[in-house]
Amino acid sequence: MDILISNSQLVRCLGTGAISASDDSNRLLSFAPSAELLVRKALGAETFAYLKITNISQIAAMSTEKKALFDWVERSVAFYTYSFYLPFALGTEGDNGLQEVESDKTKPVRMGVLDKRLNATPELAAEALEEALRLLYEKVSIYTFWATSEAYVVVKSLFIRFGSDLGKFLPPSLGTYLFFGSIRQFLADAERDLAQPLLGLGLFNSLKTKQLAGTLTVLETELLGYVCRFVAWAAYLEALDFLVVVVTSGGKIRVASEFDGINNRKAPTINDMADLKLSVERKRDEYRGALLGFLTDNKTALPLWASGGGQVPGSSQPNFLKKYKRVMAM
């Protein structure tokens, strides 16, 4: 496979001490195809076709728009390449298995240092990937090739489209794209199975259309905030059983990235997890109630909802439960 980055580009992207300019970066480039596959999946093949160059001298001749996108994509691929390489950076295979090598002048890096780099590198890669996605999304009229790509369809399909946006509604996510990627499907499920029935299909689709067009009213923007907060916490609750959750050295529980180190942490107990899920469930229910309260208070200004949308006007029973004679809370 042709790769997007060259040796000199890799050195330039990671030149802040990670790779010496005199180093042979060919040993890293064997991991570049895997990195490109990951980034290509998020951005779409059309983006890579648009950015592809045959000679590094072509970078200087790029338009301003193309260069801005190229820099973020190049940075993302470079750091993902480095993150894939890092586990293989130490040790050599010998007759007695994997061994560390040291000499009078050099010695293996401390595991704590390697641990920090293993953690930080994919975060930097994901940060650059999100910036590339946001640039494509916000300037799709310029990057017209992306308007018909499957990647664009995926990004615009959700109310919450980026990790930094998720952080506004779900503080435990820390606004990272790595976390966002971990629960993205749960966000889609929560929108479809929980938010849409509450809003009604008409209002739900109207919000989607206006958000994409940038034509939301002040009231609709406020409503969307209630929707996103409810969806984020509902998705978080459903995802907890599938995420790696750890207890830090400070005694706090948090979701760990698959790239996190293993030092100073332990698995939470069953009681820890039960307490965490109960706390998240209460938040979800709190924001569901807030959403319904906002809809009820503003039903006159939201005719799509008041005229038979997701919630029966003047009733606490959603339309999707009307077919049942009795609804019991357990």
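The values are calculated or read from the model by the stated rules, or taken from the named source; none is laboratory data. As the structure is a prediction and not an experimental result, all values here were calculated from the model. Because the Cβ atoms are built from the backbone with ideal geometry, glycine has one as well, and the counts that use them run over all protein chains shown.
Taking every residue in the stretch 264-284 that is in the same structural domain as Pro171 (by TED's automatic domain parsing) and more than 26 Å from Lys116 (Cβ to Cβ) and pairing it with any residue that is assigned to a helix (DSSP H, G or I) and at pLDDT 90 or above, at least 6 positions away or on another chain, the pairs with Cβ-Cβ distances below 6 Å are Val280/Tyr236; Val280/Leu237; Glu281/Leu237; Lys283/Trp233; Arg284/Trp233; Arg284/Ala234; Arg284/Leu237. Report yes if Gln196 is over 21 Å from Phe294 (Cβ atoms), surrounded by 13 or more Cβ atoms within 10 Å (Cβ to Cβ) and either touching a strand residue (DSSP E or B) at 6+ places or on another chain (Cβ under 7 Å) or modelled with pLDDT of 90 or more (or both), otherwise no. Against the criterion (over 21 Å from Phe294 (Cβ atoms), surrounded by 13 or more Cβ atoms within 10 Å (Cβ to Cβ) and either touching a strand residue (DSSP E or B) at 6+ places or on another chain (Cβ under 7 Å) or modelled with pLDDT of 90 or more (or both)), Gln196 does not qualify.
The set of residues in the stretch 199-212 that are surrounded by fewer than 19 Cβ atoms within 10 Å (Cβ to Cβ) and either in contact (Cβ under 8 Å) with a residue 60 or more places away in the chain or not assigned by TED's automatic domain parsing to the domain that holds Cys228 (or both) comprises Leu201, Gly202, Ser206.
Every listed requirement among (1) more than 21 Å from Leu51 (Cα to Cα); (2) within 14 Å of the chain's Cα centre (by Cα); (3) crowded, with 17+ Cβ neighbours inside 10 Å is met by Thr121 save one, (2).
The one condition from (1) surrounded by fewer than 18 Cβ atoms within 10 Å (Cβ to Cβ); (2) assigned to a helix (DSSP H, G or I); (3) among the hydroxyl-bearing types (Ser, Thr, Tyr) that Thr215 does not meet is (2). The number of residues in the stretch 26-44 being hydrophobic (A, V, I, L, M, F, W, C) and either within 8 Å of Thr81 (Cβ to Cβ) or without any contact (Cβ under 8 Å) to a residue 40 or more places away in the chain (or both) comes to 6.
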